[in-house]
1. So in the chain, what percent of DSSP beta bridges are antiparallel if you round to the nearest 5?
2. Which FRET efficiency value, to the nearest 0.05, do you get for residue 115 and residue 80 by plugging their Cβ-Cβ distance into 1/(1 + (r/R0)^6) with R0 = 25 Å?
3. Once both labels are modelled 7 Å past Cα along the beta-carbon direction, what's the residue 178-residue 37 spacing in nm?
4. Could you give the length gained by full extension between residue 65 and residue 301, i.e. 0.36 nm per residue of separation minus their alpha carbon distance, to one decimal place?
5. Where does each of 253, 233 land when they are ranked from fewest to most other beta-carbon atoms within 10 angstrom?
6. How far is helix 174-184 tilted off the main Cα axis of the chain, in degrees rounded to 10, range 0 to 90?
7. How far is helix 109-120 tilted off the main Cα axis of the chain, in degrees rounded to 10, range 0 to 90?
8. How far apart, in nanometres, would the label points at residue 6 and residue 20 be if each is projected 7 angstrom from Cα along the Cα-to-Cβ direction?
């Protein structure tokens, strides 16, 4: 008798809304779990259903230190429950920006977190718009990175904007901007910025033509909001018409939300990799169908590279849903 492993989905507590949307897209219920925090701060996890021999997908955005610890405990619980395969789905990978030693005696924390996830028992990781491509090599297991740009392509195509320019907020994001620009058939510009220290930009210059154009600033993360709001102001001063800010991961520390709503942008587009309520100019686009399709492909041993290549084909109509 040949055993066909079931696809199981376990949701951590960091992003229940996204997990529920993915579950709905896949038409598979979330596996029942008991996750709670004791009075002393310790996290307790129990898998309430039999997952022996199954392929288990654990969805958890590591938005805090507690969410990382919770993920590790869920992995351990699933491993001890004799799952066949454990696939960790990381809509947002915390500590990804600490990916190198920029100064003496610094930790490469992105590597440390990779080691923890691997040691806990994960067999594979599915990430979304990872901050630095080299992080895939930090893992001794397979790390699949999918990109959010198809969701933004779909959104801007439906708006039917003309005379567009896609702007990368720094040199590190130029490849991301090129992908979006190619699909929107628009040129790409670059903002050259020089930092004095973390989260503070001392100088900003625009490379490329933006005057009279509708500009889309595309980044993977918005944290304090200061840099991208300054970029919007620089574009406005350079003669850009309407300015749109978009990012995959809305970290939005401190008063970032207020800064974004007071910026020169007409809209701020973010995804739901991190829980957030739409306020003012901020509009949320869901990645549930994109992540869900990637999970389905992994479960069925199909390629996920198609999620990048098939952007302009009709197959996307069934993958991208209007939430």
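Any read-out appearing in this document is the output of simple, stated calculations on the displayed coordinates, not a laboratory observation. No experiment lies behind these values; they were computed from the predicted model shown. Reconstructed Cβ throughout: ideal geometry from the backbone, glycine too, with neighbour counts over all protein chains shown.
1. Percentage antiparallel, nearest 5: 25.
2. It comes to 0.80.
3. Reported label-point gap for residue 178 and residue 37 is 4.3 nm.
4. Contour length minus the Cα-Cα distance gives 81.7 nm.
5. The most exposed by this proxy come first: 253, 233.
6. 80
7. For 109-120 against the chain, the angle is about 20 degrees.
8. 2.2
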